[in-house]
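Notes for the one structure printed next.
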Amino acid sequence: MKTLTRVIEKRLESNKAKTIFTFLKDGEKIERSVSLVEIRKKSLTLLRMLQKKTAVIIVLPQGISFIEAFLGCLYAQAIAIPLAIPNKNSGIENFQAIARDANVSFGITNRQTLANLRKWFGADALAKICEWILVEDVEADTSDFSLPELAKPNDIAFLQYTSGSTAKPKAVVVTHENIVANSEIIQKCFQNNAETVSVCWLPSFHDMGLIDGIVQPIFSNFQSVLMTPTHFLQKPIRWFKAITEYKGTYSGAPNFAFDFCVNRIKDEELNDVDLSSLRCLYNGSEPIRPQTMRKFFERFAVVGFSENKLFTCYGLAEATLAVTTSKLGSKPSVIKVDEKHFRQNQILLTETELSVELVGCGFAYLDTGLKIVNPDTLEECTERETGEIWVSGKSVTAGYLNAPEINGENFVTRDGTRFLRTGDLGFLLNGELFVAGRIKDLIILRGKNHYPQDIEQTTFSSHQALQTNACAAFSIEIDAEEKLVIVQELKRAFRRIADYNSIFNQAMTEISQRHGVAPHDLVLVSPNTLPKTTSGKIQRGKCRELWHSQQLNALAFLREYLYYGKN
């Protein structure tokens, strides 16, 4: 069973399919709850309307219809392209560019979404993109229907357009073999089985929400409770209440969501919450912050959460999803390393105050291989030496669509093994992977390495007015010298204060003492204005572009110690 559709057919043939998807329309009340048998009926009907090898964009809100459309593409051997629904303020250019890049023929959506898109962008613009199929027009009917030949392992299953945290989005080509191989890794790491109950609010068009929130319940044959990211962000307690009500055993989110819960959930909202059913709650983004985990443990221990239930993970779309995870039942590894050696790509464990605290991202499983390689010399690094993370195995995807030069740079063969060059920096310690940051984001000031996430954490932790996980640190070149720029969001309650000097003074003191550097610019911006990816990562490259073009929504800034702003 080397494709997901073959897994489904085998399970239904033996009457052992337990997968049920339950969608909470407002994050609380059930809109639809359907079995895999019911989803398959709609998917098989949809496949009659699609063409083999045709690229199909899926532009649907989170919910059961999205799953039916995705599986319909897999059964039809069409190439699924899950996309976020454009909004009226973001424009349609990126949407159109993706359709051209993938040579899209069909789009699957619903009446309300298509009506909105026509209203915002014009009916002619939508018609030029592709032919549209409305899910309301697809009635489940498999009478007198012969199942066509199913896809082969090496056939393309879907295109995952990357989030664009470091560059223009590119289409990762994911095969059926990639999906099954990565699903096996996730199943083994988290020990998922028919007794597992998943609760997921992650966006379905993103790799984490798609592979872990939808594919994994099908592959490992368990119940999945879904809600939208919007309903989680509106009231994060909905996540916990769903875990409580459905006795969820398995869930996860990026690092920002853990801070979000700590900061936004009120004590009185926890009265009816019980997280004791959880076996695993994974933190699946980099950097994973030790401070975030500690605060989460301390805050929610009263409702049954313990630190040995938290998993840490590392992954990326180019490896389908998961690369490493920590071990079930063991609390995540947290280490302190000497800051001076860390800047020189050497790892020296220490307990001194001048240290950097790092969280382990776990171990590679099954056929996944890891190498840490010097990105300049391409020589393999020793343990406790920082270099680029290289990944091998069946989960490593076929590469990027229509990008032979980039594929040649990012996918390399060494000693007969094909590796993905991730562009991430990290090191191994006792076989466990620790992620340090992105090569392209590395800030080099006066010959010393500085990781932006470290400077960002120092900045937003320096004053109560600064928003957690809403900071971008990057370098610019002025007179042939690298300079540091920091852009930081204010909390909404502090947006209209009369004088920002105290904030600047505190932040500058902390940055100077902690990192031995002074930013050329420290910019304070309005809440929710920093550019982010759909998974919540700060887009430092985009932030740099906004700084250069003077398009940041700046409330005040400090440039080379001179204050500009309200007085």
| field | Failed item, numbered, when Leu117 is tested on (1) of a type in the set (A, V, I, L, M, F, W, C); (2) in contact with a Cys (Cβ under 8 Å, 6 or more places away or on another chain); (3) over 30 Å from Arg6 (Cβ atoms) | value | (2)
| Residue count for region 66-91, restricted to those that are within 19 Å of Gly209 (Cβ to Cβ) and out of contact with any Phe, Trp or Tyr (no Cβ under 9 Å at 6 or more places or on another chain) | 4
| query | Do we find that Thr292 is at pLDDT below 95, more than 17 Å from Phe427 (Cα to Cα) and polar (S, T, N, Q) in this structure? | reply | yes
| message | Just to check your reading of the model, which residue among Ala473, Ala493, Ala465 is under 26 Å from Cys261 (Cα atoms) and either within 24 Å of the chain's Cα centre (by Cα) or of a type in the set (Lys, Arg) (or both)? | response | Ala473
| Answer residue from region 425-436, given it is farther than 15 Å from Glu380 by Cβ and either among the β-branched types (Val, Ile, Thr) or surrounded by 21 or more Cβ atoms within 10 Å (Cβ to Cβ) (or both) and is modelled with the lowest pLDDT among those | Ala436
| If you check every pair at least six apart or on different chains, which have Cβ atoms under 7 Å apart with a residue in region 61-81 that is at pLDDT 95 or above and buried (at least 24 other Cβ atoms within 10 Å of the Cβ) first and a residue that is among the aromatic types (Phe, Trp, Tyr) and part of a helix (DSSP H, G or I) second? | Ala80/Phe70
| note | Counting only helices (runs of 4 or more DSSP H) wholly inside region 208-318, the ones holding at least 2 residues that are out of contact with any strand residue (DSSP E or B) (no Cβ under 7 Å at 6 or more places or on another chain), under 23 Å from Lys331 (Cβ atoms) and not charged (D, E, K, R) are 237-246, 255-264, 290-300
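Could you go through region 421-440 and let me know if any residue there is among the polar types (S, T, N, Q) and in a strand (DSSP E or B).
Of region 421-440, the ones among the polar types (S, T, N, Q) are 422, 430.
When the remaining residues are screened for being in a strand (DSSP E or B), the result is 422.
Scanning region 421-440, I find at least one residue that is among the polar types (S, T, N, Q) and in a strand (DSSP E or B), so the answer is yes.
Just a yes or no: is a residue in region 28-37 of a type in the set (S, T, N, Q), within 24 Å of Val197 (Cβ to Cβ), within 24 Å of the chain's Cα centre (by Cα) and surrounded by fewer than 22 Cβ atoms within 10 Å (Cβ to Cβ)?
No: zero hits.
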| Going by the structure shown, is Asn94 assigned to a loop (DSSP other than H, G, I, E, B) and either surrounded by 21 or more Cβ atoms within 10 Å (Cβ to Cβ) or under 23 Å from the mean Cα position of the chain (by Cα) (or both)? | no
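Let's see how each residue does on (1) in the same structural domain as Leu71 (by TED's automatic domain parsing); (2) free of Cβ contacts under 8 Å to residues at least 24 places away in the same chain; (3) in contact with a Cys (Cβ under 8 Å, 6 or more places away or on another chain):
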position: Val104; (1), (2), (3): yes, no, yes
position: Thr113; (1), (2), (3): yes, no, no
position: Gly122; (1), (2), (3): yes, yes, no
position: Ala125; (1), (2), (3): yes, no, no
position: Trp132; (1), (2), (3): yes, no, no
position: Val138; (1), (2), (3): yes, no, no
position: Ser146; (1), (2), (3): yes, yes, no
position: Pro153; (1), (2), (3): yes, no, no
| said: Being buried (at least 17 other Cβ atoms within 10 Å of the Cβ) and either closer than 21 Å to Leu321 by Cβ or basic (Lys, Arg) (or both) is the filter here; which residues of region 259-291 pass it? | reply: Leu278, Arg279, Cys280, Leu281, Tyr282, Asn283, Gly284, Ser285, Glu286, Pro287, Ile288, Arg289
| Residues satisfying the stated conditions in region 405-420, i.e. aliphatic (A, V, I, L, M) and part of a strand (DSSP E or B) | Val412, Leu420
| Between a first residue in region 385-403 that is among the hydroxyl-bearing types (Ser, Thr, Tyr) and a second residue that is assigned to a loop (DSSP other than H, G, I, E, B) and buried (at least 24 other Cβ atoms within 10 Å of the Cβ), which pairs have beta carbons less than 7 Å apart while being 6 or more apart in sequence or on different chains? | Ser395/Thr320; Thr397/Thr320
| Matching entry among Val391, Val356 (being part of a strand (DSSP E or B), at pLDDT below 95 and not small (Gly, Ala, Ser)) | Val356
| Within region 22-40, is there a residue that is within 24 Å of Ala99 (Cα to Cα) and either in contact with a helix residue (DSSP H, G or I) (Cβ under 7 Å, 6 or more places away or on another chain) or in contact (Cβ under 8 Å) with a residue 24 or more places away in the chain (or both)? | no
| remark: Log entry, pairs with first residue in region 314-325 being surrounded by fewer than 24 Cβ atoms within 10 Å (Cβ to Cβ), second being of a type outside the set (Val, Ile, Thr), beta carbons closer than 7 Å, six or more apart or on different chains, reads Ala317/Gln160; Ala317/Asp207
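Can you tell me how many residues in region 54-74 are among the β-branched types (Val, Ile, Thr) and in a helix (DSSP H, G or I)?
2
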| field | Inter-residue pairs, beta-carbon under 6 Å, first farther than 14 Å from Gly516 by Cα and in region 334-358, second acidic (Asp, Glu) and part of a strand (DSSP E or B), 6+ apart | value | Lys336/Glu357; Leu348/Asp338; Thr350/Asp338
| message | Of everything in region 22-53, what is in a strand (DSSP E or B) and either closer than 22 Å to Gln234 by Cβ or among the hydroxyl-bearing types (Ser, Thr, Tyr) (or both)? Give them in sequence order. | response | Thr22, Phe23, Leu24, Ile30, Glu31, Arg32, Ser33, Ser35
| request: Output the residues belonging to region 60-91 that are farther than 20 Å from Ala157 by Cβ, small (Gly, Ala, Ser) and under 22 Å from the mean Cα position of the chain (by Cα). | output: Gly63, Ser90
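The values are calculated or read from the model by the stated rules, or taken from the named source; none is laboratory data. Source: prediction; values computed, not measured. Cβ sites come from the backbone with ideal geometry, for glycine too, and all protein chains shown count toward neighbours.
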